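S.K.: Take this structure first; my questions come after.
The values are calculated or read from the model by the stated rules, or taken from the named source; none is laboratory data. Remember, predicted model here, so these are calculated numbers, not experimental data. As a convention, Cβ positions derive from the backbone with ideal geometry for all residues, glycine included, and neighbour counts pool all protein chains shown. The protein model used for the area step is the full one, side chains on, heavy atoms only, and it has no ligands, DNA or RNA in it. Shrake-Rupley method; radii C 1.70, N 1.55, O 1.52, S 1.80 Å.
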Amino acid sequence: MTNFSLLKPTGHLTLGNYLGALRPMRETAQRHGADSYYGIADLHALTVPHDPAALRELVPEMATLLLAVGLEPATLFVQSHVPAHSELSYLLECVASTGELNRMIQFKEKGRGVPTTRASLFTYPALMAADILLYRAEKVPVGEDQRQHVELARDLALRFNHTYGPVFTVPEIATPPAGARVMDLQDPTTKMGKSHASGAGIVYLLDRPDVVRRKVARAVTDSDTGPAALRRDREAKAGVTNLIDILEACGGTAEGLSTYGALKAAVADAVVAELEPLQKRYDDLARDPAAVTAVYAAGAERCRATTAPVLAAARNAIGLG
Ligand code: TRP
């Protein structure tokens, strides 16, 4: 079984990405080795207004971080280094209808009806379907926000197979291995995303200890007091609940703590301890960017070999010589 996922380089990776996705991915990668494929979806990052210089820096940073996390037993690649992704995407645009693309929730929320919306935001799900179908992925672990796109990938695979011949494996949506759900420290009812209005509630993976401590110290809690205040209640005490979740996800416990000050100190210590080895590996790897580039070059080559027969079969079935 191929394990498979792509990450969009639209911002610096966060503690939320790490505890929610990257750490579980590492466990999978270490079990499945090169048969897991993890990609950086740089083409997807072009679907909204972007800054070329920022993208040029974010991709190698993300690439180095994925290595620092320990994903390397998997095949690591950058989407645009494997041209089959854009080629198959075009063929799938010729199978998808404007009606179904127009119904995609992400498109509706991020740009439908706005004349300056990039055309690529509209066709985004065809590219994502190409990502998935090229690797004959049977199960695709995605969060809620991406379910509809994987459903579309299923529909396109079925339609293509039915119309032009059996080329694609029809993927299923899998529930990703449970990772911690980390919320924004300043706004604990929203996910700790890569891009929140302000970074004050976001711990980035490369935030150094003093920055982590400052952000945790300023985390929103509530005005309850006494030992009974230190408990989980996602509705009424979202901030405190989030801090306890982070603490436990980083191997600590809130038991025996009696003040929010003590809780925050414990969270800061646990997060710093979790991030330190990762940052050390990142710093070591960043000293030798050519070695990182080589890992991704080998990954892209493996991907080109894996995907070539699938693309060739699709071209052939649809009538291209
Ligand atoms: N669209 C996904 C996101 O925004 C990233 C992505 C691109 C992806 N291609 C994929 C995820 C293929 C899973 C499989 O998070």
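S.K.: For residues in region 126-174 being without any contact (Cβ under 8 Å) to a residue 40 or more places away in the chain, farther than 24 Å from Ala34 by Cα and buried (at least 20 other Cβ atoms within 10 Å of the Cβ), which is nearest to the chain's Cα centre (by Cα)?
M.R.: Ranking the candidates gives Ala126 first.
Per-residue answers, yes or no, for (1) among the hydrophobic types (A, V, I, L, M, F, W, C); (2) open to solvent by less than 10 Å² (accessible area, probe 1.4 Å); (3) more than 17 Å from the chain's Cα centre (by Cα):
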{"residue": "Ala45", "(1), (2), (3)": "yes, yes, no"}
{"residue": "Glu57", "(1), (2), (3)": "no, no, yes"}
{"residue": "Ala63", "(1), (2), (3)": "yes, yes, no"}
{"residue": "Thr75", "(1), (2), (3)": "no, yes, no"}
{"residue": "Val78", "(1), (2), (3)": "yes, yes, no"}
{"residue": "Glu87", "(1), (2), (3)": "no, no, yes"}
{"residue": "Ser97", "(1), (2), (3)": "no, no, yes"}
{"residue": "Lys110", "(1), (2), (3)": "no, no, yes"}
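S.K.: Let me ask another. In region 175-206, which residues are outside any loop (DSSP other than H, G, I, E, B), without any contact (Cβ under 8 Å) to a residue 40 or more places away in the chain and open to solvent by 20 Å² or more (accessible area, probe 1.4 Å)?
M.R.: Gly199, Ala200
S.K.: Now for a separate question. Quickly run through region 99-108 and pick out the residues that are open to solvent by less than 60 Å² (accessible area, probe 1.4 Å) and within 25 Å of Ala21 (Cβ to Cβ).
M.R.: Passing the criteria: Met104, Gln106, Phe107.
S.K.: Could you count how many residues in region 130-167 are within 14 Å of the ligand (Cβ to nearest atom) and part of a loop (DSSP other than H, G, I, E, B)?
M.R.: First, the residues of region 130-167 that are within 14 Å of the ligand (Cβ to nearest atom): 130-154, 156-157.
From what is left, the residues that are part of a loop (DSSP other than H, G, I, E, B) are 135-138, 142-143.
Count: 6.
S.K.: Also, I was wondering about something else. Can you name the condition, by its number, that Val203 falls short on among (1) assigned by TED's automatic domain parsing to the domain that holds Lys8; (2) within 26 Å of Thr28 (Cα to Cα)?
M.R.: Every listed condition holds for Val203 apart from (1).
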